[in-house]
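The block underneath contains the structure these notes are about, expressed in structure tokens.
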Amino acid sequence: MPFVHRPTRRLILVLLAFAALVVCAPSASAQDDGGEEPAAEESAESIGGRLQDVDREPVEGVTLTVTAEDGSEIGTATSDDAGEWRVPLPGPGVYTVTIDPETLPEGVELRDAERTSLSPEVRAGQDRTVLFALGDGTDARAENRPSRTSRLLNLAAEGVKFGVMIALAALGLSMVFGVTNLVNFAHGELLAFGALVAWWLEDSLGIPLLLAALVAVALAGMMGVGFETAVFGPVRRRKSGDIAAMVISIGLALVVRYVYLILFGGEPRSYSDYRLQQTVDLGPLSLTPKSWATIVVGLLVLTAFGWALRSTRIGTAMRAVSVNKDLAESSGIDVRRVVLATWLVGAALAGLSGVMFGLAESVRWDMGNDVLLLIFAAVVLGGLGTAYGAMVGGLVVGLVTQLSTYWFAPDLKLMFALVVLIVILVARPQGILGVKERFG
């Protein structure tokens, strides 16, 4: 059921907000280029992996070389007694890792003898893991080469993981919009808050990541309540208008974002727990345990929320307030309580999404701004103000961005997500699950 029945009217507000974000975005990254933040002596990026034979025993003494795109050598590493190796990198980019087959022990060979090099992309702050498939030399080439179906299925699984993270954040944004008509550009900072607090609790206090994530999600929900109580509630009661509230949210996002920069610094961080993991195969699918956990937990949370929205009193009250606030209030519903509950749940979902993004990539002070455009795309694609539309829109965005890398360069995947958004909105302006607006 949609939160509001006026999606087309709000589309102009979102487009204006997109333009404002583009204007503000360059200043958010200026600190990296010309600010006073001292350069780290040691790069946050690295590339490495673990070598195992067909019996999953570590392979020691193998030499691997890492080179940059221009062919210059970055460094070499030799696998230790655990089969692990790692090379620090000067920064993000595309690097080529070459394994020396001559250093493989007797009885161990590359499953694909021609695939001695891999060229992964390393993002800012990422510890990239590269895996070479080793075997005993029997039918090596045919055994290792994945089929097109297998590659597509694995990309689809990665798309579901990415889509679940986007859907969680988009759901929170859509809930707040449905109940308050606010296009909240500070929503990305709630996402970043969850990731940063979880990292701080784990790194500084030594709390296990799972417990730290629960605390961070709860605190993110309280931060959302603070936004409503201190900023957006008073603005709405003064009847300042939706556009004024949207502009205030942009200013709030910039202020909070730079507070993160002051408190946490500009260097990307990584969680200590679950940092390096071996992939777990499920049929043709091959993902790390934390990726499987992200998919399962995300889908369970989305399903539970869908059930709560339909079957609980607070969920019914949220839907009633989104459709007609005055009628809901005259029916005895405490609108203020519903609005606070919406902010609490919506911000908590954003915080959970932030923890998942930090686990999948890295924790950064501006990570909320980096994914905000995709979150808005998921909300608009699914249908403005529709909770279920935000879920569907997030999954569509995730699948499109990842599957596009099968045919095109990874740098273009954001473009394809926005192309799909444009095509669907041209054919169906109200979005996938939105309700067509009637005039007159």
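Below 12 angstrom from the Cβ of residue 398, what's the summed charge of the other residues (Lys, Arg +1; Asp, Glu -1)?
Its environment carries a net charge of +1.
Once you have the Cα-Cα distance between residue 57 and residue 423, take 0.36 nm times their residue separation minus that, and quote the gain in nm to one decimal.
126.8 nm
Helix-derived [θ] at 222 nm for the chain: sum -39500 (n - 2.57) over DSSP H runs of at least 4, divide by residue count, nearest 500?
-18500 deg cm²/dmol
Tell me the label-point distance for the pair residue 100, residue 274, using the 7 Å Cα-to-Cβ offset, in nm and rounded to one decimal.
3.7
Hey, rough spin-label estimate for residue 314 and residue 151, points 7 angstrom out along Cα→Cβ, what's it come to in nanometres?
4.7
Using Cβ contacts closer than 10 Å as the measure, can you line up 365, 307 from fewest to most?
307, 365
Give me the percent relative contact order of the stretch 46-122, please, defined on Cα pairs under 8 angstrom at least 6 residues apart.
32
Between (i) 1.01; (ii) 0.97; (iii) 1.86, which matches Rg/Rh (Cα atoms, Kirkwood Rh) calculated for the structure shown?
Step by step, Rg/Rh (Cα atoms, Kirkwood Rh) for this structure corresponds to label (i).
What whole-number value in cubic angstrom gives the convex hull volume per residue for the C-alpha atoms of the stretch 229-301?
Dividing the Cα hull volume of the stretch 229-301 by its residue count gives 186 Å³.
Below 28 Å Cα-Cα, how many Lys pairs turn up in the chain? Only count pairs eight or more apart in sequence, or on different chains, if you could.
6
What angle do you read, to the nearest 10 degrees and between 0 and 90, between the alpha-carbon axis of helix 7-28 and the longest principal axis of the chain?
Approximately 50 degrees, to the nearest 10.
With label points built 7 Å along Cα→Cβ from the Cα atoms of residue 119 and residue 263, find their separation and express it in nm.
4.2
Computed FRET efficiency, Cβ-Cβ of residue 229 and residue 299, R0 45 Å: what is it to the nearest 0.05?
Working from the Cβ atoms, E equals 0.90.
Students often check this: by mean Cβ neighbours within 10 Å, which of 124-135, 50-61 ranks highest, and how do the rest follow?
Result, highest mean Cβ count within 10 Å first: 124-135, 50-61.
Using only Cα atoms, tell me the angle between helix 242-264 and the longest principal axis of the chain; keep it within 0 to 90° and round to the nearest 10.
The angle comes out near 40 degrees.
Could you compute the FRET efficiency for residue 334 and residue 215, with r as their C-beta to C-beta distance and R0 at 35 Å, rounded to 0.05?
FRET efficiency, residue 334 to residue 215: 0.80.
If we count every other residue with Cβ under 12 angstrom of residue 295's Cβ, Lys/Arg +1 and Asp/Glu -1, where does the sum land?
Charge balance near residue 295 sits at +1.
Assign unit charges at the C-beta atoms only (+1 for Lys and Arg, -1 for Asp and Glu), then state the dipole size of the chain relative to its Cα centre in Debye, rounded to the nearest 20.
3700
As I understand it, the value is the acute angle between the Cα axis of helix 289-311 and the longest principal axis of the Cα atoms of the chain; what does it come to in degrees, rounded to 10?
Taking the Cα atoms of the chain, the angle to 289-311 is about 20 degrees.
Taking the Cβ of residue 337 as the centre, find all other residues whose Cβ is under 14 Å away and add up their charges (Lys, Arg: +1; Asp, Glu: -1).
Local net charge: 0.
Got the relative contact order for the chain handy, in percent, Cα pairs under 8 Å and 6 or more residues apart?
Once normalised by length, the contact order is 25 percent.
To the nearest 0.05, how large is the calculated FRET efficiency for residue 409 and residue 281 if R₀ is 22 Å and r is the Cβ-Cβ distance?
With a Förster radius of 22 Å, E is 0.20.
None of the figures in this text is laboratory data; all of them are computed from the coordinates on show. None of the values given here were measured: they were computed from a predicted structure. Glycine also receives a Cβ, built like all others from the backbone with ideal geometry; neighbour counts cover every protein chain displayed.
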